[in-house]
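The values are calculated or read from the model by the stated rules, or taken from the named source; none is laboratory data. Keep in mind that what you see is a predicted model, and the values were worked out from it rather than measured. Glycine gets a Cβ as well: all are built from the backbone with ideal geometry, and neighbour counts include every protein chain shown.
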Amino acid sequence: MADFNPYLYSSNLYKKLENPPELRVIDCFCLWSDLLGFGNKFIEKNWNLNREDWEDIRERLLSAHSVAIQNTSNKQRLLILNDGIAKVCPFFKSDYQSLLLQSSFFFREAVMIHQEIKKKEASKGLPGARTVVAFGNSASYIEPEFKYDDYFFNYTKPDPDGLSNAAQSVGNPTVIYNPAELQMNTAFSKAYMIESVGSKGGVAGSNIFIDESVIDVLKLLADKEEKGYIWVEMDNYIDFTIPRAGQQKENVVIGFRFDKPFSPSGLRWNTNVYRVQRFYPWDELTSDFYFDLDDHDGWGPKN
């Protein structure tokens, strides 16, 4: 008598559910960016849009999302959801990039996405996007996707280890999406909730806002990598820079100029949020170049 093979009378769906991957918790940044005023057209038309309306929406989404897609490295993960953009930067070990340098690359891309969308929108009389970045954890605990074939019992397939005829006929599409980097992602949760309070909560306009969790972890990384950080408070702004070595104020790994922090109203926890005025990238002296988020051209200094 042949040995009984329970696998034949099961499916890949049950196999995945009964044998989930080990819990993996990682540190990460997450950006959430939302096109301003996007829902107005839907409300004005009571959700009944004509073809011309859909063409306008398509053009706006293509314009914004193309920018995000072109400014995402292969180490990060990008999720597009309606008019929103979620961008995750997981911390990973590397022989050639420190965590601070990885962070600097992420923020440079975040600023470039925000500014390019803002300029494209302004050229069409549109309001741009509001962007929030937070730091937290991602806890992946389940398979990131379930396919059409997973729902078929293995004994019904020509090859129990292969695809069913039905799955082959339709290309075995993904039925459930659950990206590992966004599974129970607290950085995403914080960024999304801060952005959602909007102008009523003090998070107003087409600006980039950074949660204090980002400042805290960048300070920790600066100390861990023995670079230190420089924090200068003036009447109208705060400069926060992490120098490459020593106290060289103009030669930085990463740097920001912020408004003074504020606590958004309407949140269910206490935090401080900083609106970004400038971003100093790793590959330029701060006196020679910076991204100017308050200027239409988007960079400075001026010639």
*Scan segment 269-286 and report the pairs whose first residue is more than 11 Å from residue 208 (Cβ to Cβ) and whose second residue is hydroxyl-bearing (Ser, Thr, Tyr) and assigned to a loop (DSSP other than H, G, I, E, B), with Cβ atoms within less than 9 Å and a gap of 6+ or a chain change.*
270/263; 271/263; 272/263; 280/286
_Please determine whether any residue of segment 154-161 is hydroxyl-bearing (Ser, Thr, Tyr), touching a Phe, Trp or Tyr at 6+ places or on another chain (Cβ under 9 Å), more than 22 Å from residue 208 (Cβ to Cβ) and at pLDDT below 95._
yes
_Unique match (being surrounded by fewer than 19 Cβ atoms within 10 Å (Cβ to Cβ) and over 28 Å from the mean Cα position of the chain (by Cα)) among 233, 145_ = 233
_Evaluation of residue 157 against (1) surrounded by 18 or more Cβ atoms within 10 Å (Cβ to Cβ); (2) touching a helix residue (DSSP H, G or I) at 6+ places or on another chain (Cβ under 7 Å); (3) of a type outside the set (Ser, Thr, Tyr) (one fails), failing number_ = (2)
_Can you tell me which condition residue 111 does not meet? The list is (1) part of a helix (DSSP H, G or I); (2) touching a helix residue (DSSP H, G or I) at 6+ places or on another chain (Cβ under 7 Å); (3) aliphatic (A, V, I, L, M); (4) under 30 Å from residue 219 (Cβ atoms), and all the others hold._
(2)
*If we keep just the residues of segment 44-82 that are modelled with pLDDT of 95 or more and of a type in the set (Ser, Thr, Tyr), which is surrounded by the fewest Cβ atoms within 10 Å (Cβ to Cβ)?*
66
*asked:* assigned to a helix (DSSP H, G or I), under 22 Å from the mean Cα position of the chain (by Cα) and hydrophobic (A, V, I, L, M, F, W, C): is that true of residue 79 in this structure?
replied: no
*Inside segment 207-234, can you point out the residues that are among the acidic types (Asp, Glu) and modelled with pLDDT of 95 or more?*
211, 212, 216, 233
*Which residue, of 51, 60, is touching a residue at least 24 places away in the same chain (Cβ under 8 Å), more than 30 Å from residue 217 (Cα to Cα) and not aliphatic (A, V, I, L, M)?*
60
*Does segment 116-123 contain at least one residue that is over 27 Å from residue 198 (Cβ atoms) and either at pLDDT below 95 or out of contact with any helix residue (DSSP H, G or I) (no Cβ under 6 Å at 6 or more places or on another chain) (or both)?*
no
*Looking at this structure, is residue 84 without any contact (Cβ under 8 Å) to a residue 60 or more places away in the chain and under 12 Å from the mean Cα position of the chain (by Cα)?*
yes
